[in-house]
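K.L.:
Quick one: this structure, given as structure tokens, is what I'll be asking you about.
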Amino acid sequence: MTELKPKAGTKEWIGLGVIVLVTLLVSVDVSVLGFAIAPLSEDISPTASQLLWIMDIYSFVLAGTLVTVGWLGDRIGRRKLLLIGAALFGVASACAAFSTSPEMLIASRALLGLAASTLTPTSLALIRNMFHDSKERKTAIAAWGGTLTSGAAIGPVVGGLLLNNFWWGSVFLINTPVMVLVLLSAPFLLPEYRDPNRGKLDLLSTALSLAGVMTLIYGFKELVIEGYSQGAVIWAVVGAVLVIAFVIRQKTAANPMINISLFRSGGFSGAVIVNLMVAFALMGSSVLTNQYLQMVLGYSPLTASLWSLAPMPAIGIAVALSASLGRKVRPAVLIGSALVIMAAGFGVLTMVEVDSSIAIVLVGVGLLAGGMVASKTLAAEIVVTSAPPEQAGSSVATSETFTEFGIAFGFASLGSIGSAVYRDDMAKISPEGVTGSALDSLRNTIGGAADVAAHQSQQVGAQVIDASREAFTHGLQVASVAGAALMLLTAVVTTLLLRKTPIEAALPGAVEAAQSQEPQHIPTTAGAASTPAAAPHSSVAYH
């Protein structure tokens with residue numbers, strides 16, 4: 001007998017708007033700070049080390065706490081955790097906006113990262129509870145995925161526009177009134193769902209996940225920014241050991257934080273790999289193309305960020321197609337195709353020259369953006385529905401942790417390839433009269449070359465600028481070749497892993513297991529103990 005899947009009503013679709021709004025703010029906050037660095041530096045005078053921590057602490061805390069808060073959402077209730085996170089995000093944003101010292105801003109950014117880690121997995125897990133019909137769920141997740149990707153592109157533009165009219169704290173303060181709106185509306189629009197059978201929090205697992213993820217990502221970033229050093233390698237190795245210890249702990253703990261057995265499913269493993277590699281491509285390509293627009297083509301930061309909105313139509317098309325085709329075509333085919341499109345985007349970037357039209361860059365970035373949104377949207381549905389309903393929060397948090405690793409991996413790998421090619425090409429350049437630290441600076445980064453050129457004669461300065469632009473563009477080309485190759489390899493691997501994943505991507509036995517548990521796992525909504533539309537559903541799809 002075919003199971004009746006309740007349709008979502010007006011309340012659920014308006015509730016999706018709340019979830020999308022939360023997701024947008026979290027995504028925007030990752031990149032909105034860029035333009036504020038100069039004015040906040042003038043105001044509160046952070047040291048170079050403090051400035052790095054202001055930039056990085058958000059992502060470190062976000063990555064390190066995802067697994068713990070995902071488990072916590074399943075335990076205490078996803079709506080409750082989202083409300084707690086929204087309140088903390090609003091308060092931390094106000095604290096950041098009115099920070100009077102570097103230490104206060106660093107602490108506020110850390111709280112923002114903690115709050116963000118509660119919002120991303122709970123927002124997607126709630127979609128699982130709100131949309132039981134497969135077609136509606138695919139549409140809702142597509143909106144969620146498109147918002148997540150679009151927010152990162154919108155962030156610099158929002159930051160630039162605010163700083164043209166207000167003080168640097170405005171880039172944080174805009175979050176507070178929006179979170180107040182979420183706190184007022186979410187209790188009436190979003191359902192509650194929790195797992196009453198979750199055991200006690202395993203403190204050892206919490207410590208291992210937090211310490212392991214944060215130290216591993218810190219080690220990666222140090223290796224990229226500072227180059228090879230014994231200290232950076234030690235951080236990375238210690239982080240890797242702690243992450244392995246965390247995985248081992250999940251196999252032996254009485255109350256594990258994540259279900260390791262999920263990785264036995266080719267669908268779940270393939271989806272996690274997709275999330276990791278999409279984040280890799282997003283960070284790796286954006287680092288290179290943003291610098292190309294500013295340092296090679298000569299655009300201002302605000303102009304470059306406005307041009308970054310040009311691929312938005314590709315994102316919109318990808319959202320619509322992934323929701324529509326996801327109902328008819330198997331995930332292996334769709335995700336594999338999306339990854340090939342991303343490889344084509346990198347392929348277009350290999351053709352960029354110093355004097356290329358910006359149209360070439362936009363076509364390449366547009367293909368990358370479209371492929372990213374489609375593959376992440378389809379993979380998200382697999383992640384969120386591969387686990388039993390009561391473990392959806394932990395499942396999403398696990399996947400999002402891999403996303404954070406992908407960000408670090410993309411920055412470390414493609415950024416390092418571009419930098420290595422740049423340094424190799426510039427090692428042959430010895431402008432007349434430039435020696436010592438100035439010569440080292442122009443050979444290390446294109447930004448350093450621009451600074452050195454500004455203090456030289458017109459002829460020498462022009463020579464330095466021309467050489468640095470050629471070297472950087474060459475590095476972009478080589479890194480794009482590597483990116484294209486990795487995306488093609490990922491397409492092959494994930495297609496094989498997902499080959500048995502049906503359009504409804506449930507794990508074997510998940511439907512029967514969830515159905516048998518329905519009497520014990522009936523979620524509640526505000527004002528009602530339970531409703532048929534809120535009952536847990538086991539149809540499977542993605543994050």
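K.L.:
Could you look through segment 295-326, keep only residues that are assigned to a loop (DSSP other than H, G, I, E, B) and either under 20 Å from the mean Cα position of the chain (by Cα) or surrounded by 14 or more Cβ atoms within 10 Å (Cβ to Cβ) (or both), and pick out the one that is modelled with the lowest pLDDT?
P.N.:
Applying the first criterion (assigned to a loop (DSSP other than H, G, I, E, B)) to segment 295-326 yields 297-300, 308-311, 326.
Now drop any that are not either under 20 Å from the mean Cα position of the chain (by Cα) or surrounded by 14 or more Cβ atoms within 10 Å (Cβ to Cβ) (or both), which leaves 297, 299, 308-311, 326.
Working: LEU297: 85, TYR299: 80, SER308: 73, LEU309: 75, ALA310: 77, PRO311: 75, GLY326: 69.
My answer is GLY326.
K.L.:
Scan segment 87-112 residue by residue and report those that are surrounded by fewer than 24 Cβ atoms within 10 Å (Cβ to Cβ) and under 18 Å from VAL178 (Cβ atoms). Before you say what the answer is, go through the steps one by one.
P.N.:
Applying the first criterion (surrounded by fewer than 24 Cβ atoms within 10 Å (Cβ to Cβ)) to segment 87-112 yields 87-88, 90-91, 94-95, 97-104, 106-108, 110-111.
Within segment 87-112, ALA87, LEU88, GLY90, VAL91, ALA94, CYS95, ALA97, PHE98, SER108, LEU111 qualify.
K.L.:
On to the next question. Is at least one residue of segment 183-193 of a type in the set (D, E, K, R) and part of a loop (DSSP other than H, G, I, E, B)? Break it down into steps so the answer makes sense when it comes.
P.N.:
First, pick out the residues of segment 183-193 that are of a type in the set (D, E, K, R): 192.
Checking the rest, the ones that are also part of a loop (DSSP other than H, G, I, E, B) come to none.
Looking for residues that are of a type in the set (D, E, K, R) and part of a loop (DSSP other than H, G, I, E, B), one finds none in segment 183-193, hence no.
K.L.:
Suppose we keep only residues that are within 23 Å of the chain's Cα centre (by Cα) and outside any helix (DSSP H, G or I) within segment 231-263. Which one would you say is surrounded by the fewest Cβ atoms within 10 Å (Cβ to Cβ)?
P.N.:
So, considering only residues that are within 23 Å of the chain's Cα centre (by Cα) and outside any helix (DSSP H, G or I), the one surrounded by the fewest Cβ atoms within 10 Å (Cβ to Cβ) is ASN259.
K.L.:
I'd like the residue in segment 269-294 that is more than 19 Å from ALA374 (Cβ to Cβ), of a type outside the set (Val, Ile, Thr) and at pLDDT below 80 and, out of all such residues, is nearest to the chain's Cα centre (by Cα). Steps first, please.
P.N.:
Residues of segment 269-294 more than 19 Å from ALA374 (Cβ to Cβ): 269, 287-294.
Next cut, of a type outside the set (Val, Ile, Thr) only: 269, 288, 290-294.
Now restrict to residues that are at pLDDT below 80: 290-291, 294.
Values: ASN290: 17, GLN291: 20, GLN294: 23 Å.
Among them, the one singled out is ASN290.
K.L.:
In addition: Under the condition of being of a type in the set (Ser, Thr, Tyr) and in a helix (DSSP H, G or I), which residue from segment 435-487 is farthest from PHE346 (Cα to Cα)?
P.N.:
Step one: filter segment 435-487 for residues of a type in the set (Ser, Thr, Tyr), giving 435, 437, 441, 445, 457, 468, 473, 480.
Then keep just the ones that are in a helix (DSSP H, G or I); that gives 437, 441, 468, 473, 480.
Details: SER437: 35, SER441: 29, SER468: 22, THR473: 14, SER480: 5 Å.
Ranking the qualifying residues of segment 435-487, first place goes to SER437.
K.L.:
Oh, and also: Taking only segment 232-275 into account, find how many residues are over 20 Å from GLU222 (Cα atoms) and of a type in the set (A, V, I, L, M). First the steps, then the outcome.
P.N.:
Pass one, segment 232-275, residues over 20 Å from GLU222 (Cα atoms): 244-275.
Filter once more, so that each one left must be of a type in the set (A, V, I, L, M): 244-245, 247-248, 253-254, 257-258, 260, 262, 271-274.
Looking only at that region, the number is 14.
Matching residues to (1) in contact with a Leu (Cβ under 8 Å, 6 or more places away or on another chain); (2) without any contact (Cβ under 8 Å) to a residue 60 or more places away in the chain; (3) at negative phi; (4) surrounded by fewer than 20 Cβ atoms within 10 Å (Cβ to Cβ):
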| position | (1), (2), (3), (4) |
| --- | --- |
| LEU119 | yes, no, yes, no |
| SER123 | yes, no, yes, no |
| GLY151 | yes, no, yes, no |
| LEU173 | no, no, yes, yes |
| MET179 | yes, no, yes, no |
| LEU183 | yes, no, yes, yes |
| LEU189 | no, no, yes, no |
| LEU204 | no, yes, yes, yes |
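K.L.:
Another question, then. Can you name the residue in segment 17-58 that is of a type in the set (Gly, Ala, Ser) and crowded, with 20+ Cβ neighbours inside 10 Å and is also modelled with the lowest pLDDT among such residues? It would help to see each step written out before you state the result.
P.N.:
Initially, segment 17-58 is screened for residues of a type in the set (Gly, Ala, Ser), giving 17, 27, 31, 34, 36, 38, 41, 45, 48-49.
Remaining after also requiring crowded, with 20+ Cβ neighbours inside 10 Å: 27, 31, 36.
On the way: SER27: 76, SER31: 67, ALA36: 73.
Among those that are of a type in the set (Gly, Ala, Ser) and crowded, with 20+ Cβ neighbours inside 10 Å, it is SER31.
K.L.:
Of the residues ILE244, ILE273, ILE341, ILE260, which is farther than 30 Å from SER416 by Cα and among the β-branched types (Val, Ile, Thr)? Before you say what the answer is, go through the steps one by one.
P.N.:
Details: ILE244 fails: farther than 30 Å from SER416 by Cα; ILE273 fails: farther than 30 Å from SER416 by Cα; ILE341 fails: farther than 30 Å from SER416 by Cα.
Of ILE244, ILE273, ILE341, ILE260, the one residue that is farther than 30 Å from SER416 by Cα and among the β-branched types (Val, Ile, Thr) is ILE260.
K.L.:
Sort out for me the helices (runs of 4 or more DSSP H) sitting completely within segment 62-180 that have 2 or more residues that are of a type in the set (A, V, I, L, M) and modelled with pLDDT under 80.
P.N.:
Numbers: elements: 78-97, 102-130, 134-163, 170-173.
Of the helices (runs of 4 or more DSSP H) lying wholly inside segment 62-180, those with at least 2 residues that are of a type in the set (A, V, I, L, M) and modelled with pLDDT under 80 span 102-130, 134-163.
K.L.:
Only residues that are surrounded by fewer than 19 Cβ atoms within 10 Å (Cβ to Cβ) and either in contact with a Ser or Thr (Cβ under 9 Å, 6 or more places away or on another chain) or not small (Gly, Ala, Ser) (or both): list them for segment 449-468, please. So that I can check it myself, show each step before the final result.
P.N.:
Step one: list which residues in segment 449-468 are surrounded by fewer than 19 Cβ atoms within 10 Å (Cβ to Cβ), which gives 450-451, 454-455, 457-463, 466.
Across segment 449-468, the qualifying residues are ALA450, ASP451, HIS455, GLN458, GLN459, VAL460, GLN463, ASP466.
K.L.:
Pairs under 7 Å by beta carbon, first residue in contact (Cβ under 8 Å) with a residue 12 or more places away in the chain in segment 294-314, partner part of a loop (DSSP other than H, G, I, E, B), six or more apart or different chains?
P.N.:
That search, which allows pairs on different chains as well, returns VAL296/VAL354; TRP307/TYR299.
K.L.:
Output yes when any residue across segment 36-52 is closer than 21 Å to LEU184 by Cβ and assigned by TED's automatic domain parsing to the domain that holds VAL383, and no when none is.
P.N.:
Within segment 36-52, the subset closer than 21 Å to LEU184 by Cβ is none.
Looking for residues that are closer than 21 Å to LEU184 by Cβ and assigned by TED's automatic domain parsing to the domain that holds VAL383, one finds none in segment 36-52, hence no.
The values are calculated or read from the model by the stated rules, or taken from the named source; none is laboratory data. Keep in mind it's a predicted model, so treat the numbers as computed, not measured. Cβ coordinates were reconstructed from backbone atoms using ideal geometry, including for glycine residues, and neighbour counts include every protein chain displayed.
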